[in-house]
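Undergrad: The structure that follows is given in the form of structure tokens.
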Amino acid sequence: ELEGAGGLEAQVARMKAAVEEGGDRAQALKVFALRLSPVVPFSISNYMMGLTELPLSSFAAGTLAGMLPWISFYAFIGSTGRIVLQNGGDVMGVLASLSEQAEDILSGPITALVLLSLVAIVYFAKKSFNQPEPISIRNDE
């Protein structure tokens, strides 16, 4: 057996235990923290959650709540851009203006969300890695 494979299996087992522990609310909060994080790609968190026995209700609630800020942001940018372009605005000028406005408006909240999600990820990761390894008792009789 490869040493790296056993280490990976142990890490996956600890991650599963960390996500699966607690009630529906705690599990939904963990998914919420992952969804808010711009650091963890959406596809990777989907695969991670697929390895767990997370209830659909916790997954759906955490995903919905965690994606709402991003949905709102993209909808705002899209609708503002559409309105400006319909009124004959210069595309490059519109993009520059939207970029400046978004940066001014969102720099504080996005920084807070990034920091909050990083703290949550570090907390749950640390909690996961500090759990003792499960003891397997095999009876080969």
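Undergrad: Sort M49, M67 by heavy-atom solvent-accessible area, probe 1.4 angstrom, most to least.
TA: Putting M49, M67 in descending order of accessible area: M67, M49.
Undergrad: Find the Cα radius of gyration of segment 34-93, compare it with 2.2 N^0.38 Å by division, and give the number to two decimals.
TA: 1.61
Undergrad: Under a 1.4 Å probe, what is the accessible area of segment 4-76 per residue, stated in Å²?
TA: In whole numbers, segment 4-76 has 56 Å² accessible per residue.
Undergrad: Something else: Hey, if you put +1 on the Cβ of every Lys and Arg and -1 on every Asp and Glu Cβ in segment 1-80, which of V39, A26, F76 ends up farthest toward the positive end of that dipole?
TA: Farthest towards the positive pole: F76.
Undergrad: Report in % the part of the accessible area of segment 11-51 that belongs to carbon and sulfur, leaving out ligands and nucleic acids; probe 1.4 Å.
TA: Here it works out to 65 percent.
Undergrad: Which residues in segment 72-104 place their backbone N less than 12 Å from a point set 7 Å from the Cα of T111 along the Cα-to-Cβ direction?
TA: Answer for segment 72-104: 104.
Undergrad: For segment 33-43, what does the Karplus curve 6.51 cos²θ - 1.76 cosθ + 1.60, with θ = phi - 60°, yield as ³J(HN,Hα) per residue in whole Hz, taken in order and with x for Gly and Pro?
TA: 5, 5, 5, 6, 6, x, 7, 8, x, 4, 5
Undergrad: Sticking with this one: Determine the dipole magnitude for segment 7-107: charges of +1 sit on the beta-carbon of Lys and Arg, -1 on that of Asp and Glu, nothing else is charged, the reference point is the Cα centre, and the result goes in debye to the nearest 20.
TA: Around 200 debye, computed over segment 7-107.
The values are calculated or read from the model by the stated rules, or taken from the named source; none is laboratory data. Source: prediction; values computed, not measured. Methodologically, a virtual Cβ is constructed for each residue, glycine included, from the backbone with ideal geometry; neighbour enumeration extends over all protein chains shown. To get the accessible areas, we keep the full protein, side chains included, count just its heavy atoms, and leave off ligands, DNA and RNA. Shrake-Rupley method; radii C 1.70, N 1.55, O 1.52, S 1.80 Å.
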